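For reference, the structure discussed in these notes is given below.
The values are calculated or read from the model by the stated rules, or taken from the named source; none is laboratory data. The shown structure was predicted, so the numbers you read here are calculated from the model rather than taken from an experiment. Cβ placement follows ideal geometry from the backbone for every residue including glycine, while neighbour counts extend to all protein chains displayed.
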Amino acid sequence: MPARESYNQTLNLLQEHHRWFQKNIPLIASENVSSPAVREALASDFGHRYAEGWPGERVYAGCTYIDQVELLCIDLMKKLYNAEFVDVRPISGVVANLVTYTAFTEPGDIMMALSIPCGGHITTGKRRLGGTAGAVSGLDVRYLALDYKELNIDIDKTKGRVRKLVDAGTPPKLVMFGASVFPFPHPVKELAETFHDIGAIVGYDAAHVAGLIAGGIFQDPLREGADFVNLSTHKTLFGPQHGTVLSWSKYADRIKRATFPGMVSNHHLHALAGVTIACTEMLEFGGDYTRQVVKNARALAQALHERGFKVLAEHKGFTESHVILIDVTQQGDGGTIEETLERANIIINRNLLPWDIKEGRHFMHPGGIRLGTSEVTRIGMKESEMIEIAEFISRVVVDKEGVSKVKEDVAEFRKDFQRVHYCFEEAAEAYKYIRMR
Ligand SMILES: Cc1ncc(COP(=O)(O)O)c(C=O)c1O
């Protein structure tokens, strides 16, 4: 294909994607949509620059304004999370995790975390699974115990596993709380001492719940005993894709060094500027936004439950965060349901249930689906819209109605939700394609 054709095709595909997202229902738990001001920052010249090092001690010239933005970002993050030390240079949640593995462990050390079927992320995965901790950082990953019913870490069983490792002369060096399926606050307070007493570092991966912590409605891991907290800045925290490490002054030097020269050269300065703007929006609107995210997640769970879906953790109100996990084995499998819903313009993702691997299910066709309410909340939806969404999902998955009529109805429903809320300036439409040519 001639270059010009590929050029046009790429730009057309981008525009088609935007048009599609104007009329679908975005329920991916790890996604969100950023404000017009954040998108402006992403398109700025910062995206062409390098600023290796720390503000004021750069290896590159031309950082006058970049330094000021980065210092502002650090300051705002300190305010949001009440953190003594913040490194805003990791370019994603994965890189934030890598930074802290480098800062706090040596290859061969034992790290404890949740397994992937139990909600853990690939960054805390074992070497044989290709997980970052094992395959990249050389850590020997052992699992925290999950209580399947409570959908949370089992405190006593985990203490037992730690004791066994200590008795075997192989104590863990690091524990990573946090997960990709994270409906309830983890027992950091209850377990931090167990780990600190044996000289282990307590980490907390807040990739998913970063916004909820900033909004003050989840848990406060730094006050509960965490030595560091890693963020993605674009899931419940509604900035652009980037990462951050929060910690204490005593760990500043080793984290800074692990980030640069260890893990980043340029640190995506346009995204950093966007994160700075998102932090101001979070400070101003974070309380209202996060309260609505959780109300919406509970309302969606309840409405799906009433339509025959087995939403897990019913006895605890389904969730205390943005995410719900549904066992869909009565309706089919997660992979097929994900694909069918996408054809109706409802975007969700398939997910392993904690017991899926033991029951012989594969991650392409797992027993579960995972839904998140951050993005639909950001575009202004409330509890009554969650009931409508549950009805759309039910029409496709339970009633097996043809997708084309549902797709039409979804597009009609979406017409009223085209702006980003919880930000200073809402003028531009949320999914407007910004043309500069
Ligand atoms: C628990 C957890 N940690 C880390 C990450 C990776 O974050 P990022 O996509 O920002 O690299 C994710 C991504 O979804 C996650 O769920």
Discussion item. I want to confirm something. Restricting to region 181-219 and keeping residues that are aromatic (Phe, Trp, Tyr) and under 23 Å from VAL99 (Cβ atoms), which single residue is farthest from the chain's Cα centre (by Cα)?
Written reply: PHE195
Fill in: Selection from region 164-201 of residues that are of a type in the set (Val, Ile, Thr) and either part of a loop (DSSP other than H, G, I, E, B) or away from the ligand (no atom under 16 Å from the Cβ) (or both)
VAL166, THR170, VAL181, THR194, ILE198, ILE201
Fill in: Every pair of residues 6+ apart whose Cβ atoms lie under 7 Å, when the first sits in region 235-258 and is farther than 27 Å from VAL38 by Cβ and assigned to a strand (DSSP E or B) while the second is away from the ligand (no atom under 11 Å from the Cβ) and at pLDDT 95 or above
none
Practice prompt. Pull up region 57-101, narrow it to residues that are more than 15 Å from the ligand (Cβ to nearest atom) and polar (S, T, N, Q), then point me to the one that is farthest from MET176 (Cα to Cα).
Written response: THR64
Discussion item. Just to be sure I understand, how many residues within region 265-306 are farther than 20 Å from LEU27 by Cα and part of a helix (DSSP H, G or I)?
Written reply: 18
Discussion item. If I filter region 346-362 for residues that are in a helix (DSSP H, G or I), of a type in the set (A, V, I, L, M, F, W, C) and out of contact with any Asp or Glu (no Cβ under 6 Å at 6 or more places or on another chain), do I get at least one hit?
Written reply: no
Fill in: Scan of region 28-42 for residues that are assigned to a helix (DSSP H, G or I) and hydrophobic (A, V, I, L, M, F, W, C), ordered by number
ALA37, VAL38, ALA41, LEU42
Worksheet item: Hey, among the residues in region 382-437 that are assigned to a loop (DSSP other than H, G, I, E, B) and of a type in the set (Ser, Thr, Tyr), which one's farthest from LEU42 (Cα to Cα)?
Response: TYR422
Worksheet item: Quick one: would you say PRO221 is touching a Phe, Trp or Tyr at 6+ places or on another chain (Cβ under 7 Å), over 21 Å from VAL141 (Cα atoms) and without any contact (Cβ under 8 Å) to a residue 60 or more places away in the chain?
Response: yes
Practice prompt. Filter region 233-248 down to residues that are of a type outside the set (Phe, Trp, Tyr) and farther than 16 Å from GLY286 by Cβ and give me whichever is farthest from the ligand (Cβ to nearest atom).
Written response: SER247
Discussion item. Being buried (at least 20 other Cβ atoms within 10 Å of the Cβ), aliphatic (A, V, I, L, M) and over 17 Å from ASP147 (Cα atoms) is the requirement here; does LEU353 meet it?
Written reply: no
Discussion item. Residues that are in contact with a Phe, Trp or Tyr (Cβ under 7 Å, 6 or more places away or on another chain), of a type in the set (Ser, Thr, Tyr) and part of a loop (DSSP other than H, G, I, E, B): does region 97-105 have at least one?
Written reply: no
Worksheet item: Right, ILE326: modelled with pLDDT of 95 or more, assigned to a helix (DSSP H, G or I) and either within 30 Å of ILE153 (Cβ to Cβ) or of a type in the set (S, T, N, Q) (or both) or not?
Response: no
Item to complete: Could you check ASP156 against (1) more than 16 Å from the ligand (Cβ to nearest atom); (2) touching a strand residue (DSSP E or B) at 6+ places or on another chain (Cβ under 7 Å) and say which number it fails?
Response: (2)
Worksheet item: Does region 203-211 contain any residue that is within 20 Å of GLY160 (Cα to Cα), crowded, with 24+ Cβ neighbours inside 10 Å and more than 10 Å from the ligand (Cβ to nearest atom)?
Response: yes
Worksheet item: Just one of VAL94, VAL69, VAL38 is over 22 Å from MET263 (Cα atoms) and among the hydrophobic types (A, V, I, L, M, F, W, C); which is it?
Response: VAL38
Worksheet item: Does region 230-246 contain any residue that is of a type in the set (Phe, Trp, Tyr) and either within 22 Å of TRP54 (Cβ to Cβ) or touching a Leu at 6+ places or on another chain (Cβ under 7 Å) (or both)?
Response: no
Practice prompt. Being part of a helix (DSSP H, G or I) and within 15 Å of the ligand (Cβ to nearest atom) is the filter; apply it to region 116-128 and report the residue that is farthest from the chain's Cα centre (by Cα).
Written response: THR124
Discussion item. Looking at the structure I just gave you, is THR132 within 16 Å of the ligand (Cβ to nearest atom) and crowded, with 22+ Cβ neighbours inside 10 Å?
Written reply: no
Fill in: Test: GLY215 is touching a residue at least 12 places away in the same chain (Cβ under 8 Å) and away from the ligand (no atom under 16 Å from the Cβ)
yes
Response to the item:
Exactly one of ASN230, ASN266, ASN296 is among the polar types (S, T, N, Q), away from the ligand (no atom under 16 Å from the Cβ) and surrounded by 22 or more Cβ atoms within 10 Å (Cβ to Cβ), and that residue is ASN296
